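To start, the structure under review is shown below, and the notes come after it.
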Amino acid sequence: MNLAQLLGRLRVDDRFLRNVTRWETLPAQPARHAPWPDALDQRLVDVMRRRGVEKLFSHQAEAIAHALDGRSVVVPTPTASGKTLCYNLPVFHAILQDPEARALYLFPTKALSQDQMHEAHEVVRDLGVDIKVHTFDGDTPETARRAIRSSGHIVVTNPDMLHQGILPHHTLWVKLFENLRYVVVDEVHQYRGVFGSHVANVLRRLKRIAAFYGARPQFVCCSATIANPGELASQLVGEDLDADAVAAKGMAVVADNGAPRGEKHFIFYNPPVVNAELGIRRSAVKETRVIAERFLSTGVQMIVFARSRMRVELLLTYLEKAGRKVGIKSGDVRGYRGGYLPNERRAIEQGLRDGSVRAVVSTNALELGIDIGRLDVCVMCGYAGTVASTWQQAGRAGRRNDLSAVVLVGTSSPADQYILGNPDYFLKRSPEHATIDPENLVILMSQIKCAAFELPFRAEEEFGQRRVTEVLDYLAGERVLHEADGRYHWMADTYPAEDVSLRSAAPDNVVIVDQSIPGGRIIGEMDLFSAQEMLHDEAIYIHGAQQYHVDKLDWERRKAYVQPVKVDYYTDAQRKVELKTLDADDGRPDAHVGELSVGEIGLVNKVTVYKKIKLGTHENVGAGKIHLPEMEMHTTSVWWQLPDEIPAAMTAAGLDLGDALKGLAHLLGTVASVFVMADSSDLRAQAMVRAPFTDAPTLYLYDAIPGGVGFARRIFEQWVDIRRAALEHVARCPCHGGCPSCVGAVVETGDRAKAGAAWLLARADGAIGQKAPAPLPPPGGFSLN
């Protein structure tokens, strides 16, 4: 049986179809080609033709033309659309024209860096010229580092190494910086939130050092499909995004994909409900196993994505056993995740390219653009967290002109249920906006310290596109900098980049120490706010799918001591939050109900107790007290103030305002995080029946990050879409009074939370009546498009 025959059988399989919420057939698309740019070095054209590239796809030709014309460019096209040529060809052209020219490639992972370096080496070999391509990361030997600094034409690295290993030591990299022509930033959509805000400032530091040595590099950025690739890339690299990019030499956006695509079947599969009140569905791992085994029996080449290492190993065990039943050797079904040795990962990648590996089970490590060829089937055990990442995983299936299939198997999580219940959100043009805020004061302060260590600041100097004199004066007052003759100099003995994590806005972190290893081993770190909830005494901390018991949190020394354990529960800390509105920056009426505002808030946090929650059933099986100090944080929030008549109107409708607001906070927190590409831990919701600032019922959605990174402001801009999406989601949820997939479990939010939340959202959307609207029935089937 081949893939087409299996899909035909699934189309008439009632047991399978009753759990399918959408079966979308994406038609094949032919390639659109364009001629080689006249300005491109003919030697490169000849090499590409010998390598089988007779013509460029239209988006490749357009991006290369922009780069050769001196403009920065961002290319947000799908996986396997040939984005590598969009930056490799301009870079090689520059080096062929001027052997002193240099380029810096930034990739978010070491594996991707290695993969791209090998591809560049092959082009260099075919060109027959002396162009040196090197990776520079934590594994690079000291002896090789000296040669890379002096003679590397293309240096391939990652943001962390640039931040800590290159920029602070720029005097050792003079050859690179004074000849820097191109900076390539791949997987731009990964740089969002705190991480992206830090990286934007790291690139400001890079441009500042390059300018000191007389260079002004162009940027070539690549991204998955998101709603705002141009805005994100221009914020990240500090280049203007101009509507008249040709005249202004601003950053150009090349989004019209010219690569071909075969017919693709995208199936949304939601496992059946086993506990409606708790919103628990049949195990996504078990359903993924059954579906993957059916595809494996056809002999297709397949990739299965899972969200944790534990799930990867579990599914790998199942599929190896199933493969042997249909004549597939164990070595032909492989796992791929962090923790595997580099040589082992390279062998798996090669096996996927040459077809000897028939199936691979992977974490998101294979989501990014590592070359593994084009497979036939992709099965995803759980939503990848963002539409962009899910499309990247789905893009692993589908050779350019062949039939392919993708199956997204939902878990019980609220985000998964939102996507499975609203497949149009996923299939239509992505409304996800990647958000960063390089001006976050906590992040900016840390990065200015790093920049001042690298080069003294002038009094009126701009960092990015703003003057930072006030920050410099503050740091001088704190005796971190010394001001003399209009310049601010670094005063301390150590270099600050060593103490600045690109993944945390808070200046201090708690180090996590595994005590089961003699002498202790550091397995991670966490910001102080999160550590109070996740690393308190007696907490169960999960790291890479391994459970750890927190023996002690030494708050003064910022260390958490843990031991690996296997238990059937997890811990959930309860934080008491006192929220004060400090200032409203902007506001507007919200259609039919209330007013929407965005501004600054202050939070006084105290973690007081924790609960032990049984895995699977979510029962409360114990509790304990937490003794940690209060913490204060200023951040950004959007808040929805309801009008004075709402409490009486809800009472008349037989609904409870408190339950409705609690349910609404849970619901909008889930839906908003999907829209703005925020991790659930980075966005919090809090409801007040009567808020002190507004003196009215008010719902707050705020960035759970000191200073905020733009999530709340993005929600303010997209509020109507988010509110309507929340109404559609709660109406479609098949539970009766509420569940974790919509407004939260009934035991947490009350048995009238779902009806109350739906009533408020419907009223805001124009249903003025005071009677609770009848909930819409769950989808009775699916559409075949």
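The values are calculated or read from the model by the stated rules, or taken from the named source; none is laboratory data. Model, not experiment: these values are computed from the prediction. Heads up, the Cβs are rebuilt from the backbone with ideal geometry, glycines too, and the neighbour counts pull from every protein chain shown. When the accessible area is computed, the model is the full protein with side chains, heavy atoms only, and any ligands, DNA or RNA have been set aside. Shrake-Rupley method; radii C 1.70, N 1.55, O 1.52, S 1.80 Å.
For Lys552 and Arg346, what is the calculated FRET efficiency with R₀ set at 51 Å and r taken between the beta-carbons, to the nearest 0.05?
Step by step, r from the Cβ atoms, then E = 0.80.
Percent of Cα-Cα pairs per 5 Å bin, from 0 to the last occupied bin, for the stretch 1-130, please list those.
So the P(r) values, bin by bin, are 2, 8, 15, 18, 15, 10, 7, 7, 7, 6, 4, 2, 0, 0.
Along Cα→Cβ, 7 Å out, is where each label goes; now give me the distance between the ones at Asp371 and Asp38 in nm to one decimal.
Label at Asp371, label at Asp38, 3.2 nm between them.
What are the lysines whose alpha-carbon lies under 19 Å from the alpha-carbon of Lys264, with same-chain residues fewer than 8 places away excluded?
Once the sequence-local lysines are set aside, what remains near Lys264 is Lys428.
For the stretch 402-523, report the translational diffusion coefficient in µm²/s to the nearest whole number, using Stokes-Einstein at 4 °C, 1.567 mPa s, and a Kirkwood Rh over Cα pairs.
Once the numbers are plugged in, D ends up at 68 µm²/s.
What shape does the stretch 255-353 take by its C-alpha gyration tensor, where a ≥ b ≥ c are the square roots of the eigenvalues and a/c under 1.5 counts as rounded, a/b above b/c as prolate, and the rest as oblate?
Verdict is oblate for the stretch 255-353.
If every alpha-carbon in the stretch 491-638 counts as one equal scatterer, what log10 I(q)/I(0) does Debye give at q = 0.15 1/Å?
The calculated log intensity ratios at q = 0.15 Å⁻¹ are -0.90.
Among the lysines, select those whose C-alpha is under 21 Å from the C-alpha of Lys329, and discard any that sit fewer than 8 residues away in the same chain.
Lys321
Take peptides 227-238, 31-42 and line them up by average Cβ neighbours within 10 Å, highest first, as a rough protection proxy.
227-238, 31-42
Given a 1.4 Å probe, how much area per residue of the stretch 592-724 is accessible, in Å²?
Per-residue accessible area for the stretch 592-724 comes out at 38 Å².
Work out, in µm²/s and without decimals, the Stokes-Einstein translational diffusion coefficient of the stretch 43-117 at 20 °C, 1.002 mPa s, Rh from Kirkwood over C-alpha pairs.
Using the Kirkwood radius from Cα pairs, D works out to 158 µm²/s.
Let me check against my output: what whole-number percent is the relative contact order of the stretch 298-353, with C-alpha pairs under 8 Å and at least 6 apart?
Dividing the mean separation by the residue count of the stretch 298-353 yields 26 percent.
Post the alpha-carbon centroid distance, the stretch 661-705 to the stretch 205-233, in whole angstrom.
First find each Cα centre; the distance between them is then 33 Å.
Here are a few candidate values for volume of the Cα convex hull per residue in Å³: (i) 423; (ii) 196; (iii) 173. Which one was actually calculated from the structure I just gave you?
(iii)
If I model a spin label at Arg503 and Lys132 as a point 7 Å from the Cα along the Cα→Cβ vector, what separation in nanometres do I get?
3.2
Under the Kirkwood approximation for Rh and a Cα-based Rg, what ratio Rg/Rh is obtained for the stretch 532-574?
Here Rg/Rh amounts to 0.95.
Which of the pairs Lys286/Lys606; Lys110/Lys611; Lys611/Lys662; Lys625/Lys662; Lys132/Lys207; Lys576/Lys614 have their Cα atoms more than 28 Å apart in this structure?
Table pairs above 28 Å Cα-Cα are Lys286/Lys606; Lys110/Lys611.
I need the fraction of alpha carbon pairs in the stretch 340-390 separated by more than 17 Å, rounded to a whole percent.
36
Considering the stretch 299-451, what Rg and Dmax in Å follow from its alpha-carbon atoms?
Using the Cα atoms of the stretch 299-451, the pair Rg, Dmax is 18.2, 61 Å.
Where both partners of a DSSP beta bridge lie in the chain, what percent of those bridges are antiparallel, to the nearest 5?
60
Above 12 Å lies some portion of the pair distances; for the stretch 703-744, what is it as a whole percent of all C-alpha pairs?
In whole percent, the share of Cα-Cα pairs in the stretch 703-744 beyond 12 Å is 66.
Quick one: if you stick a label point 7 Å off each Cα along the C-beta vector at Lys321 and Glu293, how many nm between them?
0.8
Taking a quarter of the surface of the Cα convex hull of the stretch 556-608, what do you get in nm²?
One quarter of the hull surface, i.e. the mean projection, equals 7.8 nm².
Contour minus end-to-end for Arg51 and Val609, with contour as 0.36 nm per residue of separation and end-to-end as the Cα-Cα distance?
Extending this stretch completely gives an extra 194.6 nm.
Using all C-alpha to C-alpha distances in the stretch 561-690, build P(r) with 10 Å bins and read off the rounded percent in each one.
The distribution over the stretch 561-690 is 10, 29, 35, 20, 5, 1, given as percents.
Taking the alpha-carbon set of the stretch 472-563, what are its Rg and Dmax in Å?
Values for the stretch 472-563 (Cα only, Rg and Dmax): 17.5, 56 Å.
Please report Rg (one decimal) and Dmax (integer) in Å for the Cα set of the stretch 613-709.
In Å, with Rg to one decimal and Dmax whole: 16.2, 43.
Using Cα-Cα distances under 8 Å and only pairs 6 or more residues apart, what relative contact order does the chain have, in percent?
12 percent.
Pairing rule first: another cysteine's C-beta must sit under 4.7 Å. Under that rule, which cysteines of the chain stay single?
For the chain, the answer is Cys86, Cys221, Cys222, Cys378, Cys381, Cys450, because their Cβ atoms have no other cysteine Cβ under 4.7 Å.
Give the dimensionless ratio obtained when the Cα radius of gyration of the stretch 177-322 is divided by 2.2 N^0.38 Å.
Ratio of Cα Rg to 2.2 N^0.38 Å: 1.56.
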